[in-house]
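S.K.: Input: one structure, supplied below.
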Amino acid sequence: MIKKLSKWLSANQHAYLLSYFIFYLAAFFMLEHFERPYHLIHFFLDDYIPFSEYFVIPYFLWFPSLAISLIGFMIYDKEAFLNLCLMMFGGMTFCLITYALIPNGLNIREEVEGNNLLCQITRWLYSFDTSTNVCPSIHVASSLSIAFAVWKSQKLKSHLKFRYGTIALMILICISTLFIKQHSVIDVFCAIILSFFLYHVAYYTDWKSVVAKTKLYMLWKQRELKLGDDQEWEN
């Protein structure tokens, strides 16, 4: 099993991009637990959006959507996977830098009343996901990245129902952040701007040739060629 996995990774080295989550999770949780003064985010429309515990369902669907989209594209559509990584990881990195340089947070959360399962899940969410580090919204930016990747994927062109269904789900996830008071309208708006910028970079610039000229990429390619020569020598 380990040999098969090692062989597959040698032939599909783009999969190593998923190791980005080690950095992301470490940085995110460090920022979450590092208490400091923050800028309060608020927009007048936030006061008119009612709380609804039902939106916690699409909010949590973000997690499996992230995993399914990344793993699916990694296996079946390398080009879409690379573009998705650029948009998603680029957006996450930008958000983390923003949180570090401009700490921000919300005070729009209300006491969750009711004892139904969804209310309990929302209270549980509030207990570990603080109302800091919110603008731009990572939830929204990464959801839009998935929507863009699905829409632009050549291998999904003939799967219209899947494409429209995925885009509808991603939009619902974005909206859910407002109705469970996890984000302000400003957080969502900033994430949309960030996502469209990264979408333009991913699909309308030759970003891969720029990356290919970086020293880190050249060192990686040299390592890849050396491994290939070693395997040929062994054979």
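The values are calculated or read from the model by the stated rules, or taken from the named source; none is laboratory data. Please read these numbers as outputs of a predicted model, since none were measured by experiment. For the accessible areas, the whole protein counts, side chains as well, though only heavy atoms, and no ligand, DNA or RNA atoms are used. Shrake-Rupley method; radii C 1.70, N 1.55, O 1.52, S 1.80 Å.
S.K.: Check off (1) modelled with pLDDT of 75 or more; (2) open to solvent by 40 Å² or more (accessible area, probe 1.4 Å) for GLN231 and give me the number that stays unchecked.
M.R.: Going through the list (1) modelled with pLDDT of 75 or more; (2) open to solvent by 40 Å² or more (accessible area, probe 1.4 Å), GLN231 breaks only (1).
S.K.: Filter segment 40-56 for residues that are within 23 Å of the chain's Cα centre (by Cα) and open to solvent by 90 Å² or more (accessible area, probe 1.4 Å) and give the result.
M.R.: TYR54
S.K.: Same structure again: For segment 109-210, list the helices (runs of 4 or more DSSP H) that sit wholly inside it and hold at least 2 residues that are at pLDDT below 95 and over 23 Å from ASN83 (Cα atoms); which are they?
M.R.: By residue number, 117-128.
S.K.: Separate question: Which of the following residues is at positive phi and open to solvent by less than 40 Å² (accessible area, probe 1.4 Å): GLY72, GLY114? Show your work before the answer.
M.R.: Numbers: GLY72 fails: at positive phi.
One residue alone meets the criteria, GLY114.
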